[in-house]
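Trainee: What follows is a structure written as structure tokens; I'll ask about it next.
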Amino acid sequence: MQAFLTALRAVAEPTRLRLLALSAEGDLTVSEMVQILGQSQPRVSRHLKLLTDAGLLERCREGNWVFHRLARDGDGAEVAAQVLAMAPDGDDVLVRDRDRLAQVKAERARAAADYFRRNAAHWDRLRSLHVDEREVERVLDRLLPETGIRDLLDIGTGTGRLLELFSPRIGHGQGVDLSPDMLAVARANLERAGVANCDVRQSDMYRLPFADASFDAVTIHQVLHFVDHPGPVIAEAARVLRPGGCLLVVDFAPHDLENLRTDHAHRRLGFADREVAKWFAAVRLDSRDVVHLPGDPLTVAVWLALRQEQPTTGRDKRPGDGAAAHDLS
């Protein structure tokens, strides 16, 4: 009862209700919330602390940045869900906050698009500064099934390298990317390599233009650290996977290189195995393998998950069960 009352008292204030509604739209930093609300940083931080202490929000530090998001578990999470369900969608203040949030997200997207535009022709070279891509490709080649892949989807295809790599062993490859410059590079690379069974198109990874269960394999290669919401991207990948299909995700393990945010538009400083396993479990993907490729200074991780053949019966597995993590030096 006490926890319930504490949560109710925490949300019963206009600014804190606005912060709760904004947090429902995704992870946000204090500075972004200050920009949206038009209030001072100390005031916003104080309200965020009250919401966090009451269990309504979670506070997640990544390097010098701190993100706030809706709590996923506990009494506070239940109160937050109920309060947000009752919040008036047409309220002028909340509508204005959402408009400002859209501007913040648009600015993020512009910054990332500018980076891709500046670096599209040199994307593969920039990747090689972090880890030797040949090592990553050898792991992907081993984890991807040798046969049975009629259709493969590469989300955030970039230069189209994975399509080129896997084209000999698949029926058809489809690459999607939001950047026209990257798509132009991918098309040129595929044409130069004589790859006729793959093509690329512009698409939003949060809203893939494909029907459910359209692909036997999906790859997401060095993409998630650029996006605001990795979980929904994983969910979209799971949606388009056929039963028994596989998902391969490549990204950085957790690190503290802040300059990757300022110089290379990285949104996230890597991902822990358990965090990725939770995203998989949330959409009924079975974690099967984790490979770590140590680099200097970054470590690249490769996560493999399979789409369940049919709905799980009985008690669901805990996130991370069944996945074996190992390092390759």
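The values are calculated or read from the model by the stated rules, or taken from the named source; none is laboratory data. Treat the numbers as computed from the prediction; the structure is a model and nothing was measured. Cβ atoms come from the backbone with ideal geometry, glycine included; neighbour counts cover every protein chain shown.
Trainee: If I ask for residues that are outside any strand (DSSP E or B) and within 29 Å of residue 27 (Cβ to Cβ), which ones from the stretch 194-213 would you list?
Mentor: Step one: list which residues in the stretch 194-213 are outside any strand (DSSP E or B), which gives 194-197, 203-213.
Once the filter is applied, which keeps residues that are outside any strand (DSSP E or B) and within 29 Å of residue 27 (Cβ to Cβ), the stretch 194-213 yields 203, 204, 205, 206, 207, 208, 209, 210, 212.
Trainee: Also, I was wondering about something else. Being assigned to a loop (DSSP other than H, G, I, E, B), modelled with pLDDT of 90 or more and closer than 21 Å to residue 271 by Cβ: is that true of residue 157 here?
Mentor: Considered against the rule, which asks whether it is assigned to a loop (DSSP other than H, G, I, E, B), modelled with pLDDT of 90 or more and closer than 21 Å to residue 271 by Cβ, residue 157 comes out as yes.
Trainee: Of all residues being within 14 Å of residue 226 (Cβ to Cβ) and of a type in the set (Lys, Arg) in the stretch 94-116, which is modelled with the highest pLDDT? Just the residue, please.
Mentor: Here the answer is 105.
Trainee: Hey, among the residues in the stretch 1-44 that are of a type in the set (Asp, Glu) and modelled with pLDDT under 90, which one's nearest to residue 102 (Cα to Cα)?
Mentor: Applying the filter and picking the extreme gives 25.
Trainee: Look at residue 166 and say whether it is touching a helix residue (DSSP H, G or I) at 6+ places or on another chain (Cβ under 9 Å), at pLDDT 95 or above and in a loop (DSSP other than H, G, I, E, B).
Mentor: On the way: touching a helix residue (DSSP H, G or I) at 6+ places or on another chain (Cβ under 9 Å): yes; at pLDDT 95 or above: yes; in a loop (DSSP other than H, G, I, E, B): no.
Taking the combined requirement at face value, the residue does not satisfy it.
Trainee: Another one. What strands (runs of 3 or more DSSP E) completely inside the stretch 254-329 contain at least 3 residues that are at pLDDT 95 or above and either under 23 Å from residue 228 (Cβ atoms) or out of contact with any strand residue (DSSP E or B) (no Cβ under 7 Å at 6 or more places or on another chain) (or both)? Walk me through it before giving the result.
Mentor: Working: elements: 285-293, 300-307, 324-327.
Counting at least 3 such residues, we get 300-307.
Trainee: Filter the stretch 119-150 for residues that are hydrophobic (A, V, I, L, M, F, W, C), at pLDDT below 95 and more than 16 Å from residue 298 (Cβ to Cβ) and give the result. Talk me through it step by step, then tell me what you get.
Mentor: Residues of the stretch 119-150 that are hydrophobic (A, V, I, L, M, F, W, C), as a first pass: 120-121, 123, 126, 129, 131, 136, 139-140, 143-144, 149.
This time we only want the ones that are at pLDDT below 95, so: 120-121, 123, 126, 129, 131, 136.
Selection gives 120, 121, 123.
Trainee: On to the next question. Which numbered condition in (1) more than 30 Å from residue 61 (Cα to Cα); (2) crowded, with 20+ Cβ neighbours inside 10 Å; (3) touching a residue at least 40 places away in the same chain (Cβ under 8 Å) is the only one that residue 203 fails?
Mentor: (3)
Trainee: When the stretch 33-60 is examined, which residues are found to be touching a residue at least 40 places away in the same chain (Cβ under 8 Å) and either more than 21 Å from residue 106 (Cα to Cα) or touching a strand residue (DSSP E or B) at 6+ places or on another chain (Cβ under 9 Å) (or both)?
Mentor: Matches in the stretch 33-60: 36, 50, 51, 53, 54, 55, 56.
Trainee: Name the pairs whose Cβ atoms lie under 7 Å apart, with the first residue in the stretch 179-193 and assigned to a loop (DSSP other than H, G, I, E, B), the second at pLDDT 85 or above, and 6 or more positions between them or separate chains?
Mentor: 193/164
Trainee: Please indicate, with yes or no, whether at least one residue in the stretch 35-44 is of a type in the set (Ser, Thr, Tyr), surrounded by fewer than 16 Cβ atoms within 10 Å (Cβ to Cβ) and in a helix (DSSP H, G or I).
Mentor: no
Trainee: Within the stretch 212-270, count every residue that is over 18 Å from residue 177 (Cβ atoms) and either of a type in the set (Gly, Ala, Ser) or under 10 Å from the mean Cα position of the chain (by Cα) (or both).
Mentor: Of the residues in the stretch 212-270, 9 are over 18 Å from residue 177 (Cβ atoms) and either of a type in the set (Gly, Ala, Ser) or under 10 Å from the mean Cα position of the chain (by Cα) (or both).
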